[in-house]
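Let me begin by presenting the structure, written as structure tokens, before commenting on it.
The values are calculated or read from the model by the stated rules, or taken from the named source; none is laboratory data. Every value quoted in this text rests on a predicted model; they were computed, and no experiment measured them. Cβ: placed from backbone, ideal geometry, glycine included. Neighbour counts: every protein chain shown. These accessible areas exclude ligands, DNA and RNA; they are computed on the full protein's heavy atoms, side chains included. Shrake-Rupley method; radii C 1.70, N 1.55, O 1.52, S 1.80 Å.
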Amino acid sequence: MPAVGGIASGGGKEYPGNLTPFVTITCIVAAMGGLIFGYDIGISGGVTSMDPFLLKFFPKVYRKKNSDKSTNQYCQYDSQTLTMFTSSLYLAALLSSLVASTVTRKFGRKLSMLFGGLLFLVGALINGFAQHVWMLIVGRILLGFGIGFANQSVPLYLSEMAPYRYRGALNIGFQLSITIGILVANVLNYFFAKIKGGWGWRLSLGGAMVPALIITIGSLVLPDTPNSMIERGDREAAKAQLQKIRGVDDVEEEFNDLVAASEASKQVEHPWGNLLQRKYRPHLTVAIFIPFFQQLTGINVIMFYAPVLFNSIGFKSDAALMSAVITGIVNVVATCVSIYGVDKWGRRALFLEGGVQMLICQAVVAAAIGAKFGIDGNPGELPKWYAIVVVLFICIYVAGFAWSWGPLGWLVPSEIFPLEIRSAAQSINVSVNMLFTFLIAQVFLTMLCHMKFGLFIFFAFFVLVMSFYIYFFLPETKGIPIEEMGKVWKSHPFWSRFVQHDDYANGVELAHGPVKTV
């Protein structure tokens, strides 16, 4: 695959170091921060398809779903209050990620993870014991605050701890945890929905306490990253920590580069304003466009509302929940493919292959649903082969996302930012991600009602656009040390015009005095 605008991976400095058991276990524990995000994505769609939950909190939706059999299948879940239950979390995550930037920069990555776990824990308790819609919304907002802190700090932590040769695989552990969280949530929904008495939804929502406790306890036992320790002035401990996680004594070159990057970052008075500097235009663009396109792949339509979607296209409730379990399994397996290949095949190859795969599947699913449901949304009796075809192509679509835009949407932004803007830029990345997750979650059911099968064409268009963006504007970052990342922009035929030669020295960004806000 031609690397348009890319550079040869590797080259430049090669820091000594091994993939030690210590750093492997550390990254696995930290990556479990993704469980809270994944569990929530998976649990909300299943709960909103459970009749006892709808009857208690959203009786209008319940009556529309069960009483009026003439209702257009596309529109049976169209309720702004119901979608607010799901989407309020992501608006809260957007706001908290901005606060998390300051906490992560000044107090370290671990404290942000701890805040994330505690807030998520309280939100899960409130949701599990909810008696009114307002309690559901308050609980969801607290869950969102927790996710904002975790998603801001965990990818940074992983990118800073991992040896550069294995950074891609270890960072994708975060996405793997998200997919495991989704799968576990789907399986639990399937079984909890069968509990007599109709209170299984409380176990589904309250079960979020388990991943919350994992990240809370994990944040207390994890070591801090050398980057963060240097940033807070503890250089001796940082050097000892670097030797421990690399498994070698000779870390002088990497340590000196980390110190140089930290010194440069301290000269930056206003990291948010610094993001607007011309030399950071490539970084800012990636921080905005990658999460923007990640959400407009349409994946959250599948993952948020998989049971609802399958139910809406004519499957019975049990079949809808089981279809969501199947897509969850595919999601986990395909993410493992990305862990194996990201540091072998590179980021760009996976991005582009996944884009083509998703585009084809969306076209097929749109045609299949359009042919059977038409405009009025009343398919009559659905044959078994039809159900198998739809689920098969949705699974192929999920696989394409899970080894490309899913993990790489978190990996690439977390590895390209220099230290002086890293926390602020990661907050932009999370904020854009959560903003569009919120918007899509809020309007999806209304869009499904009005656009019908054309909704899949809508998302397919953005998959096409984002594949062109990757092809022409994203350089390859495989095998490049995180503090050497500046050279990918200097070598890029488009972005090199924004980066002057003296903006970087030996791969480490230079700051020329205090930076004024723009």
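Details
- Each residue of the range 123-132 was assigned a 3J(HN,Hα) from its phi angle through the Karplus expression (A = 6.51, B = -1.76, C = 1.60, θ = phi - 60°), giving x, 5, 4, 4, 5, x, 9, 4, 10, 9 Hz with x at Gly and Pro.
- Potential lengthening of the chain between residue 99 and residue 62 amounts to 9.5 nm, from the contour at 0.36 nm per residue minus the alpha-carbon distance.
- Extending 7 Å from the Cα toward the beta-carbon at both residue 439 and residue 256 defines two label points whose distance is 4.7 nm.
- Percent accessible area from carbon and sulfur atoms, the range 328-476, protein chains only, probe 1.4 Å: 80
- Per residue, the accessible area of the range 342-463 comes to 31 Å² when a 1.4 Å probe rolls over the protein heavy atoms.
- Virtual spin-label span in nm between residue 384 and residue 199, 7 Å along Cα→Cβ: 3.8
- Ranking 345, 272 by solvent-accessible area of protein heavy atoms (1.4 Å probe, all protein chains present), from largest to smallest, gives 345, 272.
- Accessible area ranking (1.4 Å probe, heavy atoms, ligands and nucleic acids excluded), largest first, for 28, 172: 28, 172.
- Peptides 165-171, 233-239, 202-208, 180-186 ranked from most to least packed by the mean count of surrounding Cβ atoms within 10 Å: 180-186, 165-171, 202-208, 233-239.
- Taking a Cβ cut-off of under 15 Å around residue 134, the surrounding Lys, Arg, Asp and Glu residues balance to a net charge of +2, with basic ones at +1 and acidic ones at -1.
- Cross-link table 279/487; 56/196; 110/239; 239/478, entries beyond 21 Å C-alpha to C-alpha: 239/478
- Shown is the FRET efficiency for residue 367 and residue 468, computed with R0 = 22 Å from the Cβ-Cβ distance and rounded to the nearest 0.05: 0.40.
- Label point of residue 80 set 7 angstrom out along Cα-Cβ; within the range 445-484, amide nitrogens under 19 Å from it belong to 445-451.
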